[in-house]
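As structure tokens, the structure follows; a few thoughts come after it.
The values are calculated or read from the model by the stated rules, or taken from the named source; none is laboratory data. None of the values given here were measured: they were computed from a predicted structure. Positions of Cβ are backbone-derived with ideal geometry, glycine not excepted, and every protein chain shown enters the neighbour counts.
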Amino acid sequence: MNILFEHIESPIRSYQGVALDETECRGHLQNAVRDNLQDNVEWEDSLNRLRALRDETGFEASDGLLADIQALENEEIEVQQFRVGEAYAEVILEQEFSCRFHWNENRDARNPKGNKTGADLVGFIEVDDQVLFLFGEVKTSSETANRPPQVMTGAKGIESQLRDLYKDRNKRLILISYLKNKMRHFPEGHPFRSDFDASQRVYYSGIENFHLTGVLVRDVAHDERDVSVSYGRLRDHVLAPKGIKLLAMYIPIRKEDWVDIVNQRAE
């Protein structure tokens, strides 16, 4: 990953543009991004449970059981391009920016092709040894006529959505309650529980802190205006010590090809 441009006011207030080369990008799409979209942990658990049932001594496997095993073994990812962008954003935020998403939201989706509700990004970020709630939005765009593109500045763009997350306390409470509910799936001592407890203490302390992140995923040439203009407006709205980060990710592969590459399993 190469940094193309950046503006850092403080460890929690910045914008940045990064580029990934094609080999790195293909590796991400076929591995970490695919695992995110498929929810690989749950997929493997489901497949192993069905295989164990099939192999159980004295159990007569039905044709349906064998068909479901085969379907899982040969499963292909069928998602819209923007969902690949969201998964890729989570991967890069976790790998490069000290963010953690302990719960794969695909487990909550009855329709895997549907939109997420509430916010695209709900997790934690660690900054200067402090863990904060992270709320954010991800948009994918190939638009070049406008810089920043409309997915940043439109009525339902990243700027508007981050302003809503900043001012709407009830919306944040719903997202925090969502995290609390999922945290209970994990045993005492799990990092999810530690992150939640630490973030909750900071959120409800005298300074009441949290972090907002917007990620713009692009398959076009880079341009600092993609995020710099929006950051200038948001920094004046999202007041310190709240964190605000805008990240532009420049992908060297057309978004129309992402799903096909995701389904080309790595050797």
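Of everything listed in (1) surrounded by 13 or more Cβ atoms within 10 Å (Cβ to Cβ); (2) on the phi < 0 side of the Ramachandran plot; (3) out of contact with any Phe, Trp or Tyr (no Cβ under 9 Å at 6 or more places or on another chain), the single unmet condition for Asp35 is (3). Can you name every residue in the stretch 178-209 that is polar (S, T, N, Q), farther than 28 Å from Gly232 by Cα and at pLDDT 95 or above? The answer is Ser194, Gln200.
Condition first: surrounded by fewer than 22 Cβ atoms within 10 Å (Cβ to Cβ), touching a strand residue (DSSP E or B) at 6+ places or on another chain (Cβ under 9 Å) and outside any helix (DSSP H, G or I). Now tell me which residues in the stretch 215-240 satisfy that. Hits for the stretch 215-240 are Asp219, Val220, Ala221, His222, Asp223, Glu224, Val238, Ala240.
Across the stretch 241-267, the number of residues qualifying as touching a Lys or Arg at 6+ places or on another chain (Cβ under 8 Å), of a type in the set (D, E, K, R) and surrounded by 14 or more Cβ atoms within 10 Å (Cβ to Cβ) comes to 1.
Residue-level check: of (1) in a strand (DSSP E or B); (2) surrounded by fewer than 20 Cβ atoms within 10 Å (Cβ to Cβ), Arg193 misses just (1). Checking each residue in the stretch 129-159 for being in contact with a helix residue (DSSP H, G or I) (Cβ under 8 Å, 6 or more places away or on another chain) and among the hydroxyl-bearing types (Ser, Thr, Tyr) picks out Thr140, Ser141, Ser142, Thr153.
When the residues of the stretch 63-85 are filtered to those that are in contact (Cβ under 8 Å) with a residue 60 or more places away in the chain and part of a helix (DSSP H, G or I), the one that is farthest from Gly123 (Cα to Cα) is Gln81.
What's the total number of residues in the stretch 13-62 that are in contact (Cβ under 8 Å) with a residue 12 or more places away in the chain and of a type in the set (Phe, Trp, Tyr)?
So the count comes out to 2.
Per the listing Arg147, Arg54, the residue uniquely part of a helix (DSSP H, G or I) and at pLDDT 80 or above is Arg54.
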